[in-house]
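> Take this structure, written in structure tokens, and hold onto it; I'll ask about it next.
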């Protein structure tokens, strides 16, 4: 989950109006806020569910860009109460608390808490549960996680090839631009890529300015 900085505040009466969809596409860079897939096929997700928070149904701050698969897989009880509330990526830099790593040997996504926060720890743990459900199919009958992992595997393999090329090449400028694009929030699965950089001292020194802390 990448940090989302909302820039727009569209005028609308109902959350399913075109102005809302268009604004979410821009604010979320066409990325599902849960799995980080860049997609045109999305649904408007209510961060705080409609049935429990009817007063927030048409509040733009409560509307999120979510792929159809994640919107189906995410537990219906998410954010119903404080016991099952997850981190809000529009308010918090989730990436600074949760690490995402592709484990090729075990064919799974490692979702790991890397920093503790007394105020946020429950939300962090709940977020990890939801992400494990999405990426690894934990406590879910859906098999879409297999296709998602295959897609992530392909994207990460391409990214690692660029990193190898960068480390071996004497003419690095063009490759740096490609890597910068991959590390940007607009790129698919950018959290995975930025943690690859953080975990490599040499690459972290070279690209730290593009990935944050």
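> Residues of the range 75-121 being on the phi > 0 side of the Ramachandran plot and either in a strand (DSSP E or B) or in contact (Cβ under 8 Å) with a residue 40 or more places away in the chain (or both), which ones?
107
> Taking the condition over 21 Å from residue 47 (Cβ atoms), under 17 Å from the mean Cα position of the chain (by Cα) and modelled with pLDDT of 95 or more, does residue 95 pass?
no
> Right, another one. Report yes if some residue within the range 66-73 is in contact with a helix residue (DSSP H, G or I) (Cβ under 9 Å, 6 or more places away or on another chain), under 22 Å from residue 135 (Cβ atoms) and part of a loop (DSSP other than H, G, I, E, B); otherwise report no.
no
> What about residue 31, is it surrounded by fewer than 17 Cβ atoms within 10 Å (Cβ to Cβ) and in contact (Cβ under 8 Å) with a residue 60 or more places away in the chain?
For residue 31, the condition - surrounded by fewer than 17 Cβ atoms within 10 Å (Cβ to Cβ) and in contact (Cβ under 8 Å) with a residue 60 or more places away in the chain - is not met.
> For residues that are farther than 24 Å from residue 35 by Cα, in contact with a helix residue (DSSP H, G or I) (Cβ under 7 Å, 6 or more places away or on another chain) and part of a loop (DSSP other than H, G, I, E, B), tally how many sit in the range 170-212.
The number of residues fulfilling the criteria is 1.
> Moving on to the next point. Exactly one condition in (1) surrounded by 13 or more Cβ atoms within 10 Å (Cβ to Cβ); (2) in contact with a helix residue (DSSP H, G or I) (Cβ under 7 Å, 6 or more places away or on another chain); (3) within 12 Å of residue 59 (Cα to Cα) is false for residue 9; which is it?
Going through (1) surrounded by 13 or more Cβ atoms within 10 Å (Cβ to Cβ); (2) in contact with a helix residue (DSSP H, G or I) (Cβ under 7 Å, 6 or more places away or on another chain); (3) within 12 Å of residue 59 (Cα to Cα) one by one, residue 9 breaks only (1).
> In the range 102-128, what residues are buried (at least 16 other Cβ atoms within 10 Å of the Cβ) and closer than 22 Å to residue 193 by Cα?
102, 108, 109, 111, 124, 127, 128
> Since residue 39 meets every condition but one in (1) surrounded by 20 or more Cβ atoms within 10 Å (Cβ to Cβ); (2) within 15 Å of the chain's Cα centre (by Cα); (3) free of Cβ contacts under 8 Å to residues at least 40 places away in the same chain, which condition does it not meet?
Every listed condition holds for residue 39 apart from (1).
> Looking only at the range 133-150, filter to residues that are over 19 Å from residue 196 (Cα atoms) and outside any loop (DSSP other than H, G, I, E, B); which one of those is modelled with the lowest pLDDT?
It comes out as 144.
> Taking the conditions exactly as written (at pLDDT below 95 and within 17 Å of residue 197 (Cα to Cα)), does residue 168 satisfy them or not?
yes
> Just wondering, is there one or more residues in the range 68-78 that are within 13 Å of the chain's Cα centre (by Cα), crowded, with 19+ Cβ neighbours inside 10 Å and within 20 Å of residue 39 (Cβ to Cβ)?
Yes; the residues of the range 68-78 include at least one that is within 13 Å of the chain's Cα centre (by Cα), crowded, with 19+ Cβ neighbours inside 10 Å and within 20 Å of residue 39 (Cβ to Cβ).
The values are calculated or read from the model by the stated rules, or taken from the named source; none is laboratory data. From a predicted model like this one, the values you see are computed outputs, not experimental measurements. Because the Cβ atoms are built from the backbone with ideal geometry, glycine has one as well, and the counts that use them run over all protein chains shown.
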